[in-house]
Each structure stands twice: as C-alpha cells, then as structure tokens.
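The values are calculated or read from the model by the stated rules, or taken from the named source; none is laboratory data. As the structure is a computational prediction, the values presented were derived from the model and not from experiment. As a convention, Cβ positions derive from the backbone with ideal geometry for all residues, glycine included, and neighbour counts pool all protein chains shown.
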Amino acid sequence: MRRTTALLGLSATLLLVSCGGEPSPAELEASAETACKAWVREQLKAPSTAEFADLSTVNAQADFTEQDVYDGLIDKSMYTVEGSVDSENSFGAMLRASFVCETRHTEETWQLVSIDVG
C-alpha cells in the first residue's frame with residue numbers, strides 16, 4: 001500500500017472548462033475524478049495500463065447544511081473520490097487496487113490533500 005499526502009502545490013493541476021460563470025456540481029465532480037485519476041496513475045508501476053472502475057465522488061457539502069458551512073464545520077471545496085484501478089505490475093500481471101483520493105478545489109485548480117492506493 002502506498003500513501004502520499006500533499007497539502008499544497010502538487011504538480012498535477014487541472015483547469016476547469018465551463019461555459020461562463022461557476023462550474024456546475026456535475027462538472028466539479030467530473031473534474032475531481034479526472035484529477036484523482038491522474039494522481040492515482042502516478043502511484044502505479046505501469047500507469048498507461050490503468051483501467052478505473054466503481055468510481056464514487058462525494059462533495060463534502062452533500063451531507064451538511066449551509067449553516068454548517070457558515071460555522072466552518074466543513075469545507076465545501078473538498079471532494080472525495082473512491083474506486084478501484086486495474087493495472088499491470090512489474091511482471092505484467094493485471095492487479096486490482098482500491099483507492100481513496102481527497103482533493104480540494106481552489107479557483108480553477110485542484111490540489112491533492114491525500115491519496116491512498118492499495
């Protein structure tokens with residue numbers, strides 16, 4: 001199992017593309033998944049063989065009220081992406097690993113908070 005934690009300034013920065021204004025929740029979720037997939041690939045022996053499955057993306061604000069956000073109890077810019085990835089190991093055998101990726105959306109970029117692949 002590999003665990004990497006980065007707070008700020010990770011090289012994987014993705015830009016959101018939207019048609020003016022704020023991105024929709026669906027666009028943010030899709031973008032969070034794309035960012036996390038890139039970070040997961042960085043952890044693999046053969047990143048080009050990665051095949052992702054069973055993705056689940058949750059925004060921190062989904063289960064909380066606006067009062068919770070106002071009170072500072074949660075960070076609504078936080079997203080958690082969970083799933084599994086199949087990829088080749090050093091011997092060419094396909095292996096499945098589960099992963100959990102936490103990322104924060106700031107302006108038009110994503111920052112890795114933590115990732116656990118194993």
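Some points to look at:
- Pairs, first at positive phi in segment 104-118, second among the β-branched types (Val, Ile, Thr) and not in a strand (DSSP E or B), C-beta under 8 Å, six or more apart: none
- Taking first residues from segment 72-88 that are aliphatic (A, V, I, L, M) and partners that are at pLDDT 95 or above and not in a strand (DSSP E or B), the Cβ contacts under 7 Å between residues at least 6 apart in sequence or on separate chains come to Val81/Ala32; Val81/Glu33; Val81/Cys36; Val85/Val40; Val85/Ala50.
- Of the strands (runs of 3 or more DSSP E) lying entirely inside segment 1-112, those containing at least 1 residues that are modelled with pLDDT under 85, loosely packed, with under 11 Cβ neighbours inside 10 Å and not acidic (Asp, Glu) are 2-5.
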